[in-house]
Amino acid sequence: MTILVTGATGQIGRQVVQHLVEQGASVRALVRNPAKADFPAGVDVVQGDLLDPDALRSAYAGVSTLFLLNAVVPDEFTQALLALNLAREAGVERLVYLSVIHSDLYVNVPHFAGKYGVERAIEALGFGATILRPAYFMQNDLTIRDVVQGYGVYPMPLGSRGIAMIDTRDIAEIAAIELLRRERAAGPLPSSRLNLVGPDTLRGSEVAAIWSELLGRPIGYGGDDTHAFEQNLRQAMPAWMAYDMRLMSEGFLAKGMVPEAGDVERLASLLGRPLRSYRDFAAQATA
């Protein structure tokens, strides 16, 4: 049987496809533009998106396991519900869904609340699913690397509660492990949730200190002004998304993104190696 990967051309989806191919899985990728696919040989590419029922019905033919990843967009919840209902209609029973950590706590943040709604739908529809709940992606900070290096400021308002940032390479590898575990099981497995976190829970000032050490000069922490953060984001993204990200950053300040007991050890055991650290990520980013 076949594993279908959605979001397959993104930074996580592409890596998931690569891991699955390396493990000998039969892989199909749903993509909007096949010209941008550039997948390893043997990957079956289907053109379409999560708002296209006909494309989804075609993509689900012969599929036994689904990796559901959909982007932060205004109709994210609708996309996910269409994908889930059509998967159930096609007889797909095994699922790995990329949600977000604390989706049930950041209740006023649109893309968090949407993902929590999807989690509830997955349960109600009876899938045997692994819900992956990643914290803040380390690779998000590639977008502000020039600010750090050029202006000597780490601008992300992470606050002082602590954020257990995770490397997207670890997310993708864990997703592939879970997909293969479900795909190769004799029958559907019980549902489970995994918080995906990095090995260190860092405050904004501590992240700035890491950059200071690596660059050999002082890097300041830009502070917790979420209004200014929103205004800066509006230069690079739609206003609704910038406000969504502002609400998320206010969640950082109030709640943080702190692992539960045993999360780090559980993930390291699953990977068979230590999780990648933020310092290692930043060192590669400055190399």
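Rank these for me by crowding, Lys36, Lys255, going from fewest to most other beta carbons within 10 Å.
Lys36, Lys255
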The alpha-carbon center of region 254-287 and that of region 189-226 are separated, in whole Å, by 10
Semi-axes in Å, largest first, for region 200-287 (Cα gyration tensor, √(5λ)) are 26, 20, 13
The ratio Rg/Rh over the Cα atoms of region 78-235, Rh being the Kirkwood inverse mean 1/r radius, stands at 1.06
Expected max-MSF residue from Gln139, Gln231, Gln15 in the GNM of the chain (alpha carbon, under 10 Å) is Gln231
So, relative contact order of the chain in percent, Cα under 8 Å, 6 or more apart, is 18
Whole-Å distance linking the alpha carbon centroid of region 71-109 with that of region 4-49 is 19
Computed over region 1-108, the Cα gyration tensor eigenvalues, each multiplied by 5 and square-rooted, give semi-axes in Å (largest first) of 22, 16, 14
Largest-first semi-axes in Å of the equivalent ellipsoid built from the Cα gyration tensor of region 144-229 are 37, 14, 11
From fewest to most C-beta neighbours within 10 Å, the residues Ser249, Ser58 line up as Ser58, Ser249
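Determine the sum of side-chain charges near Asp49: Lys and Arg each +1, Asp and Glu each -1, restricted to other residues whose C-beta is under 14 angstrom from that of Asp49.
Working: positive: Arg32, Lys36, Arg57; negative: Asp52, Asp54, Asp75, Glu76.
Within the 14 Å Cβ shell, the charges total -1.
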Taking placed amide H atoms and a strict 5 Å upper bound, the residues 5 or more places from Leu202 or on another chain that come that close are Ile163, Ala164, Met165
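Rule-based calculations on the coordinates, nothing more; no lab input. Keep in mind it's a predicted model, so treat the numbers as computed, not measured. Neighbour counts run over all protein chains shown; Cβ positions are idealised from the backbone, glycine included.
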